[in-house]
Amino acid sequence: MNIIKDSDLKEIEAAKKAALEVLLHNSHGPFHGLPRTAGWGYPEPYTRDLMFSIFGIAVSGNKQLLESIRKVLETLAKNQTERGHIPSLVHNMDDRGASDSTPLFLLGVGIFRKVTGEADFLHDAVEKSLTWMEYQSPSDRYLVAQQPTSDWRDEQWMTGYGLFVNTLVYSYLRILDRPERAVRVRQEMSRFTITVDSNHHHVPEGLVVKHKPYYAFWSYKIYSSQRFDLLGNSLAILSGIASPSRAEEMISWIEEECDEMQKRGELAVDLPPNFFPFIQPTDPDWLPRYSTFNNPGEYHNGGLWPFIDGFYVAALVAAQKYTLAEEKLMTLTHCIKITNTRNVDFGFNEWIKAQDGKPMGQEWQTWSAALYLYAVKCVEEKSTPFFDEIRGCQEKQKSK
């Protein structure tokens, strides 16, 4: 780390130690001894949260945490449906319907295999889940579609081909060595969204937004959303779906937009919100339920999520924006320190309100701690573990 002061380095070291403490504390919960999702709230083992936590656990070198993830993956395989779908709760095979649980499972197994060297770990379950995912394309092509509120944004409406889930699909195909299908997914994502009022069957939609450097939030037939999804676009950079030039333009655009939001009083923290521009009550995509759960700058409608900003820091490293990555990591360190409920040195809160920087969710969130560890590792080593290989596979294929 080149620009971070010694005092800040000490704070980062303290935060790393605290993050490990959070993960160890959460590694054994009340449901069959599976990890819990947050330290005091969310005792349940939510699949998506624990799959995301693999990134931090994998780079931590902690054997106890790695064994806890082994148990999670093996339990998910046992609770997999007959057709290969992975449940939303690790211990409950009847809790189904998530669009991101199965692709996250596949990506998680791929990472676990790399860390342990167990190349055939959960082979049969992986094959079943790969088949399940192939059936998630209504056009019987390569992009997968989803129902509204079925991914991690369970309080936000999106439908059709979502950016986030398809970046997961591309990533697991790469890490599980399915390059041919991965290429097809990237090709379909690289098509423009449809901007005319009628769609011909021979012009399939894509996720590239005309005159914008980022990818659409979602797209389906003649409809799409051009609002910015930080998680999906960060994963697009990390996985290499976005070319280096597109990544460069996208990061410049993000930083400029965040500067403008700060000037307007919409953003109090020097980190990008998970989603913007915020949906306002006067907008056509506003839903009445948002007034309770999803007000502008809150929760899925523009809240700051530390786990997502951890991915953004990693994406900056992938784009070789090392100085900016260090700056954002330091800001993230300050954010994960603030607490709203407990007498702890680091809150690792679930999400933070954009307009005032106050933590609003559950403390000691597993994925907040895990992705902080991953972000620090990326900045320290100027590399992005697992994604380096995914992008490298892509470059090798181009050179053939």
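The values are calculated or read from the model by the stated rules, or taken from the named source; none is laboratory data. These figures come from a predicted structure and were not determined experimentally. A quick note on method: Cβ atoms are made from the backbone with ideal geometry, for glycine too, and the neighbour counts reach across all protein chains shown.
Points to keep in mind about this one:
- Of all residues in region 216-255, those that are in contact with a Ser or Thr (Cβ under 8 Å, 6 or more places away or on another chain), part of a loop (DSSP other than H, G, I, E, B) and in contact (Cβ under 8 Å) with a residue 40 or more places away in the chain total 3.
- Residue check for Arg184: within 19 Å of Tyr215 (Cβ to Cβ), surrounded by fewer than 22 Cβ atoms within 10 Å (Cβ to Cβ), basic (Lys, Arg) and at pLDDT 95 or above: yes
- Identity of the residue in region 167-184, β-branched (Val, Ile, Thr) and under 18 Å from the mean Cα position of the chain (by Cα), that ends up farthest from Gln136 (Cα to Cα): Ile175
- In the set Thr102, Thr159, only one residue is hydroxyl-bearing (Ser, Thr, Tyr) and within 22 Å of Arg36 (Cα to Cα); that residue is Thr102.
- The residue list Gly108, Gly84 contains one member that is farther than 26 Å from Gly310 by Cβ, touching a residue at least 40 places away in the same chain (Cβ under 8 Å) and crowded, with 16+ Cβ neighbours inside 10 Å, which is Gly84.
- Qualifying residues in region 275-320 (those that are farther than 16 Å from Phe52 by Cβ and small (Gly, Ala, Ser)) - the one farthest from the chain's Cα centre (by Cα): Ser291
- Taken over region 96-120, the residue count meeting the criterion of being under 21 Å from the mean Cα position of the chain (by Cα) and in a loop (DSSP other than H, G, I, E, B) is 5.
- Evaluation of Ala58 against (1) at pLDDT 95 or above; (2) among the small types (Gly, Ala, Ser); (3) within 30 Å of Glu205 (Cβ to Cβ) (one fails), failing number: (3)
- Residues satisfying the criterion are absent from region 138-147 (criterion: surrounded by fewer than 21 Cβ atoms within 10 Å (Cβ to Cβ) and within 16 Å of the chain's Cα centre (by Cα)).
- Flag set for Val165, criterion: modelled with pLDDT of 95 or more, out of contact with any Cys (no Cβ under 8 Å at 6 or more places or on another chain), of a type in the set (Val, Ile, Thr) and in a helix (DSSP H, G or I).
- Pairs meeting the criteria (first residue in region 130-158 and on the phi < 0 side of the Ramachandran plot and at pLDDT below 95, second residue surrounded by 21 or more Cβ atoms within 10 Å (Cβ to Cβ) and not in a loop (DSSP other than H, G, I, E, B), beta carbons under 6 Å, at least 6 apart or on different chains) are Met158/Trp218.
- Residue match in region 338-346 (condition: surrounded by 21 or more Cβ atoms within 10 Å (Cβ to Cβ), over 20 Å from the mean Cα position of the chain (by Cα) and either closer than 30 Å to Gln280 by Cβ or of a type outside the set (S, T, N, Q) (or both)): yes
- Within the set Leu235, Leu230, the sole residue that is out of contact with any strand residue (DSSP E or B) (no Cβ under 8 Å at 6 or more places or on another chain) and within 20 Å of Ala145 (Cα to Cα) turns out to be Leu235.
- Residues (outside any loop (DSSP other than H, G, I, E, B) and of a type outside the set (D, E, K, R)) located in region 256-274: Cys258, Met261, Gln262
- Scanning region 1-47 for residues that are part of a strand (DSSP E or B) and of a type in the set (Ser, Thr, Tyr) returns a single hit, Tyr46.
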